[in-house]
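Student: Sharing a structure with you now.
Every number here is computed from the coordinates shown, using simple stated rules; none is lab data. What you see is a predicted model, and the numbers here were worked out from it, not measured in a lab. Positions of Cβ are backbone-derived with ideal geometry, glycine not excepted, and every protein chain shown enters the neighbour counts.
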Amino acid sequence: MSPAKWNIILKIHRQKQGEAPHFEEFPMQVDPDEYVLDAVERVWAFMDRSLCFRHACHHSTCGACGMRVNDVEKLTCITPIREVTRDGATLKVEPLRNFPVVSDLAVDMGTFYSRMETVGARAVLPVSEAEIENPPTTWDADESQYIRLADCIECGLCISACPAAATSTEYLGPAVLAGAQDQGLKRNLKLLELVDSEDGLWRCHSAFECTAVCPSFVDPARRIMDLRMQVIEERFKRLFRKP
Amino acid sequence: MSKPHAIIIGAGFTGTATAHDLALRGFDVTVIERGDICHGTSGRTHGLLHSGGRYAVKDQESAIECITENTILRRIVPQVIEPNGGLFIALDESDLAYAEQFIESCEECHIPLEEIKPQEALRREPHINPRVLTAFMIPDGTFDPLRLALAFAGTAKRNGAKFRTYTEVKKLITDGKGNITGVNLLDLKSGKSAELYADIVVNATGAWAGEIVETVGVNVPVKPTPGVMVAFEQRFVQRTVNRLNKPGDGDIVLPQRRMVVVGTTSFEVDSLDYVPVLEDHVKLMIERGAQLIPAIAGAKIRGKYMATRPLIGGGEGRSVARTFKCYDHKEMHNLDGLVTITGGKATTLRAMAEKTADVVCTKLGINAPCVTAETPLLSYRQYYLQPNEDFS
Ligand SMILES: Cc1cc2nc3c(=O)[nH]c(=O)nc-3n(C[C@H](O)[C@H](O)[C@H](O)COP(=O)(O)OP(=O)(O)OC[C@H]3O[C@@H](n4cnc5c(N)ncnc54)[C@H](O)[C@@H]3O)c2cc1C
Ligand code: SF4
């Protein structure tokens, strides 16, 4: 038994090259239990073939479909329409902030990905090096062969939500600092200079918006705090090492 | 002599892998994609790096392709693979009866296989059905779909391939003598149209392959066959888990990040651009998934989604061969300058690209061997580090 359909207005940010940005409204019928991305994809399939948006996996493993939904950063593939609007209402969908807009809802991930590469944020982690919430009851000796993906899906929601990122395009941003924390200064001391800087760790003023919007349990805010501790520890070490 | 120019339509697994191969063979490559990378089927793939075990009994050609490519991908693109292995588990008499054929077929296809006792299977994977009667370990794995395509695309870009995303091919251009000479494009970012010419056009549009060649009045036997998958919010297993029986609906569970994903089904559709996620298929996934991992019955659903297989040839659903096919339209329809590559699987993307590039090189009289099996791919992030092409 499928629930009653809702009639909503999808209000989508449109922007073609050389044109001013504006909103366009698409009235449509939806199943409240389908995801925001399903509705966006239907606009492309049946109403406007020129709509540009990023998406790939449709189950929160790739991180491509991050958008602002009614002013909040969401991974649209796992956000049920029911959770963000109601029957008869408008649902506003915009591209992520603090990223250059390619067109409509699609943003350019270039700078972000290049920073993730610089800090060596790893996409694949050996089980022994990654925290797992529900580990099997036993790990045996050859477990080191089991490798799993790290949990940051590079969606950029945290960068879009971060008030500090809005003040400087040079700020590394939550995911990048989280990637550096995951690497750890112990493993890669070269990161110290990069993160111990004005546009690194010290621009963050602990708004915790990143952790609030992160769809992948990465908790960048906690990691930033932890990385600060690592940096301070390292500074102390250097202080005492001096003759 | 200037480099030969190849246009590739579609930036899914097949298009990105073909771009990588042709770039290494000295081509000037332009990839045209109407969305971003993985706008079509590829992004929504289940994510099983097949060992071939699933096909060993019924379709040995596919099974051998899988184990060969599985081994190569582990070598050239470990960055996107969880090489954890997989279990085939028997839960009833019919599964046990299948075991004999399974062992024999895997041996014939050279798929390494290890039988393990139920207690051992449960020790390795405590969440699988405790009624497990026997289990086999095989070298299955999982991959991150978008990042697999990005690794091929990013490496191709570093080797000179150009990508025009958010750009739709409207039709193929002919020279009036039955040869394809290029494509008509619409840049969706700007609304501008353009023509682009090449020595060869490769149609790598997967399930949409028929739509492209229809613009010049011919067809290819592609049978779009969607399937539904469901992701749950807990990582119950570290390895892929398959039902030890002939392939059916909802008989594969695999771990991805902090989830498990159950798949899949097989049905037919009329419109390809939007396929609804059928609620009864979702129910079936929960039911079948819970047979393999009982905790799935009470687990929170994280995502429900679907993708459309580009199966080739006639036949019904699961009986259609899972191998791939490269069509030279000169041979098929006396249309020169066009090759269509479709069918296959994510796991066989590199082999599909090799085959296609071989056909292209032969057509253009170019002698350049394939080196992709020995060439490690660069970081998938390379794709976004280099800007894309725009119309100037
Ligand atoms: C449910 C399901 C589960 C699967 N699971 C697995 C698995 O676990 N393991 C595995 O190995 N394989 C799996 N597969 C198979 C695999 O996903 C596909 O074989 C593969 O993704 C096909 O890739 P492709 O590049 O040929 O097609 P696509 O990824 O569809 O690429 C075609 C591209 O062409 C573009 N395009 C189309 N028309 C135009 C145009 N006019 N102009 C510009 N661009 C255009 C599309 O946007 C699209 O991006 C699965 C398939 C399905 C359906
Ligand atoms: S830290 Fe979380 S929100 Fe930020 S990019 Fe990674 S997954 Fe997305």
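Student: Given a Förster distance of 22 Å, report the FRET efficiency between residue B:197 and residue B:170 from their Cβ-Cβ distance, rounded to the nearest 0.05. Show your work: numbers first, answer last.
Tutor: Details: r = 15 Å, r/R0 = 0.67.
Between residue B:197 and residue B:170 the formula returns 0.90.
Student: Could you check what % of the DSSP bridge pairs in the protein assembly as shown are antiparallel, to the nearest 5? Intermediate values should be presented prior to the final figure.
Tutor: Working: 72 of 96 bridges.
For the protein assembly as shown, the DSSP antiparallel bridge percentage is about 75.
Student: Using only the alpha-carbon atoms of chain B, report the extent along each of the three principal axes, biggest first, to the nearest angstrom.
Tutor: The Cα atoms of chain B stretch 66, 41, 41 Å along the principal axes, largest first.
Student: Something else: So what are the range B:26-137's ellipsoid semi-axes, whole angstrom, largest first, if each one is the square root of 5 times an eigenvalue of the alpha-carbon gyration tensor? It would help to have the intermediate numbers written out before the result.
Tutor: Numbers: eigenvalues 214, 59, 37 Å².
Result for the range B:26-137: semi-axes of 33, 17, 14 Å.
Student: What do you get for Rg/Rh of the range B:1-69 when both radii come from the Cα atoms and Rh is the Kirkwood radius?
Tutor: Numbers: Rg = 15.5 Å, Rh = 14.0 Å.
Reported Rg/Rh, Kirkwood definition of Rh: 1.11.
Student: Quick one: P(r) of the range A:6-107 from all Cα-Cα pairs, 5 Å bins, percents rounded to integers, in order of increasing distance.
Tutor: That works out to 3, 14, 26, 28, 20, 8, 2, 0, in percent per bin.
Student: Hey, if you drop one equal point scatterer on each alpha-carbon of the range A:169-231 and run the Debye formula without solvent, what base-10 log of I(q)/I(0) do you get at q = 0.19, 0.28, 0.29 Å⁻¹?
Tutor: Cα-only, vacuum Debye calculation for the range A:169-231: -0.62, -1.27, -1.34.
Student: Charges on Cβ only, +1 for Lys and Arg, -1 for Asp and Glu, centred on the Cα centroid of chain B; of B:347, B:385, B:130, which one is farthest towards the dipole's positive end?
Tutor: It is B:385.
Student: In peptide A:110-122, how many Cβ atoms from other protein chains are near each Cβ within 10 Å, on average? Write down the numbers at each step before the final one.
Tutor: Values: counts 7, 2, 2, 9, 5, 1, 3, 6, 1, 0, 1, 1, 1.
Counting other chains' Cβ atoms within 10 Å and averaging over A:110-122 gives 3.
Student: How long is the protein assembly as shown along each principal axis, judged by its Cα atoms, biggest number first, in Å?
Tutor: Taking max minus min along each principal axis of the Cα atoms, the protein assembly as shown gives 78, 66, 63 Å.
Student: Right, another one. Using DSSP to define loop residues, name the trypsin sites (Lys or Arg not before Pro) in the range B:245-337 whose beta-carbon has at most 16 other beta-carbon atoms within 10 Å.
Tutor: B:300
Student: In chain A, which longest range has no trypsin sites (Lys or Arg not before Pro) that are both DSSP loop (not H, G, I, E or B) and surrounded by at most 16 other Cβ atoms within 10 Å?
Tutor: Numbers: sites that count: A:5, A:49, A:86, A:97, A:186, A:187, A:190.
With trypsin sites (Lys or Arg not before Pro) excluded where exposed in loops, chain A gives A:98-185 as its longest stretch.
Student: What 222 nm value per residue comes from the helices of chain B, counting each DSSP H run with n ≥ 4 as -39,500 (n - 2.57) and dividing by all residues, nearest 500 deg cm²/dmol?
Tutor: Details: 10 runs with 111 residues, N = 392.
Per the formula, -8500 deg cm²/dmol.
Student: OK, next. Using just the Cα positions, wrap chain A in a convex hull and report its mean projected area in square nanometres, one decimal place.
Tutor: Values: hull surface 69.6 nm².
Dividing the Cα hull surface by four gives the mean projection, 17.4 nm².
Student: For peptide B:35-47, what's the mean number of Cβ atoms from other chains within 10 Å of each residue's Cβ? It would help to have the intermediate numbers written out before the result.
Tutor: Working: counts 10, 9, 4, 6, 7, 1, 0, 2, 11, 7, 2, 1, 3.
Partner Cβ neighbours, averaged per residue: 5.
Student: While we're here: What relative contact order, as a whole-number percentage, does the range A:5-87 give when Cα pairs under 8 Å and 6 or more residues apart are counted? Don't skip to the end; give the middle numbers.
Tutor: Working: 114 pairs, mean separation 23.7, N = 83.
Taking the mean separation of contacting Cα pairs over the length of the range A:5-87, I get 29 percent.
Student: Right, something else. Count the DSSP beta bridges whose two residues both fall in chain B, then state the antiparallel fraction as a percent rounded to the nearest 5. Before the final figure, lay out each step's value.
Tutor: Details: 51 of 71 bridges.
Approximately 70 percent, going by the DSSP bridge assignments.
Student: Normalised radius of gyration for the range B:326-392, please: alpha carbon Rg relative to 2.2 N^0.38 Å, two decimal places.
Tutor: Relative to the 2.2 N^0.38 Å estimate, the range B:326-392 comes out at 1.40.
Student: Taking the Cα centre of the range A:6-107 as the origin and placing charges on Cβ (Lys, Arg +1; Asp, Glu -1), which of A:40, A:27, A:106 is farthest toward the positive end of the dipole?
Tutor: Final value for the positive-end residue is A:106.
Student: Further question: With n ≥ 4 as the cut-off for DSSP H runs, can you work out [θ] at 222 nm for chain A, using -39500 (n - 2.57) per run divided by the number of residues, rounded to the nearest 500?
Tutor: Details: 9 runs with 72 residues, N = 243.
Calculated from helices alone, the mean residue ellipticity at 222 nm is -8000 deg cm²/dmol.
Student: Right, another one. Any idea what the dipole of the protein assembly as shown comes to, in debye rounded to 20, about its Cα centre with Lys/Arg Cβ at +1 and Asp/Glu Cβ at -1?
Tutor: Numbers: 72 positive and 83 negative charges, 279 e Å.
Approximately 1340 debye in magnitude.
Student: So if R0 is 30 Å, what FRET efficiency would residue B:271 and residue B:364 give, r being the distance between their Cβ atoms, rounded to the nearest 0.05?
Tutor: On the way: r = 36 Å, r/R0 = 1.21.
Approximately 0.25, to the nearest 0.05.
Student: How big is the charge dipole of chain B about its Cα centre, in debye rounded to the nearest 20, if each Lys and Arg gets +1 on its Cβ and each Asp and Glu gets -1 on its Cβ?
Tutor: Values: 44 positive and 47 negative charges, 233 e Å.
Roughly 1120 debye for chain B.
Student: A further question follows. ³J(HN,Hα) across the range A:169-178 via Karplus (A = 6.51, B = -1.76, C = 1.60, θ = phi - 60°), whole Hz, x for Gly/Pro?
Tutor: Per residue, the Karplus-derived 3J(HN,Hα) values read 6, 7, 4, 4, x, x, 4, 5, 5, 5 Hz.
Student: With θ set to phi - 60°, apply the Karplus curve 6.51 cos²θ - 1.76 cosθ + 1.60 along the range B:293-306 and write out the HN-Hα couplings as whole Hz, x wherever there is a Gly or Pro.
Tutor: 10, x, 5, 4, 4, x, 7, 7, 6, 9, x, 10, 8, 8
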